[in-house]
1. Within segment 81-89, is there a residue that is at pLDDT 95 or above, exposed (fewer than 13 other Cβ atoms within 10 Å of the Cβ) and either farther than 27 Å from Ala136 by Cα or out of contact with any Asp or Glu (no Cβ under 9 Å at 6 or more places or on another chain) (or both)?
2. Kindly establish whether His117 is within 15 Å of the chain's Cα centre (by Cα) and not β-branched (Val, Ile, Thr).
3. Can you confirm whether Asp65 is among the acidic types (Asp, Glu) and either in contact with an Asp or Glu (Cβ under 6 Å, 6 or more places away or on another chain) or in a strand (DSSP E or B) (or both)?
4. Confirm whether Val83 is over 15 Å from Gly112 (Cα atoms), part of a helix (DSSP H, G or I), in contact (Cβ under 8 Å) with a residue 60 or more places away in the chain and within 12 Å of the ligand (Cβ to nearest atom).
5. Hey, can you tell me all the residues within segment 60-80 that are over 14 Å from Ser115 (Cα atoms) and either surrounded by 19 or more Cβ atoms within 10 Å (Cβ to Cβ) or in contact (Cβ under 8 Å) with a residue 24 or more places away in the chain (or both)?
6. Please specify each residue of segment 124-140 satisfying the condition of being more than 15 Å from the chain's Cα centre (by Cα) and part of a loop (DSSP other than H, G, I, E, B).
7. Restricting attention to segment 49-57, does a residue exist that is out of contact with any Cys (no Cβ under 9 Å at 6 or more places or on another chain), farther than 25 Å from Arg17 by Cα and among the aliphatic types (A, V, I, L, M)?
8. What pairs come up if the first residue lies in segment 96-123 and is farther than 13 Å from Ala30 by Cβ and in a strand (DSSP E or B), the second is more than 8 Å from the ligand (Cβ to nearest atom) and among the aliphatic types (A, V, I, L, M), and their beta carbons are under 7 Å apart, counting only those six or more places apart or on different chains?
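The values are calculated or read from the model by the stated rules, or taken from the named source; none is laboratory data. In this text, all values refer to a predicted model and were calculated from it rather than measured experimentally. As a convention, Cβ positions derive from the backbone with ideal geometry for all residues, glycine included, and neighbour counts pool all protein chains shown.
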Amino acid sequence: MAIQRTFSIIKPDATERNLTGAVNAVIEKAGLRIIGQRRIKMTREQAERFYDVHKERPFFGELVDFMTSGPVVVQVLEGENAVKAYRDVMGATNPTEAADGTIRKLFAKSIGENSVHGSDSEENAAIEIAQFFSLADIVG
Ligand code: UDP
């Protein structure tokens, strides 16, 4: 299996509850390496651009409000088949449907405040990483 990179965000509901380390422990236990990490406060422009694919959805405004409501931790993760491996360990979007042991089952508060983001394809991972990281800040 190929070594891949994916993009992750630890969302404001998780940073607010001081869960960055707990989320990172699940990520590392799943065999993924955190090769870039930065704590930021997203601007509305950044959040709107990041979630542009959802701009027609009814939850878009709430999603942008939430993602700009507090600090987030943006990350680059590396490992075998990293895009799928991270989606698997994140769990389903709605925590009530997430499998036991997944980050969302363990920590998410609701379908909106669901603790983490992970890229859904290798192509989107590259686009999302480039939105938040320069090459010098990724050390594999
Ligand atoms: N979201 C929401 N309400 C919904 C569906 C999604 O607030 O009914 C939010 C949620 O934070 C989710 C994000 O929008 O993580 C992006 O949705 P997507 O369907 O891409 O889910 P994901 O890839 O994050 O599992």
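1. Checking segment 81-89: not a single residue is at pLDDT 95 or above, exposed (fewer than 13 other Cβ atoms within 10 Å of the Cβ) and either farther than 27 Å from Ala136 by Cα or out of contact with any Asp or Glu (no Cβ under 9 Å at 6 or more places or on another chain) (or both).
2. Yes: the conditions hold for His117.
3. Answer is no for this residue.
4. yes
5. Glu62, Val64, Val76, Leu77, Glu78, Gly79, Glu80
6. Scanning segment 124-140 gives Ser134, Ile138, Val139, Gly140.
7. yes
8. Here the result reads His117/Ile9, each pair linking segment 96-123 to a residue that is more than 8 Å from the ligand (Cβ to nearest atom) and among the aliphatic types (A, V, I, L, M).
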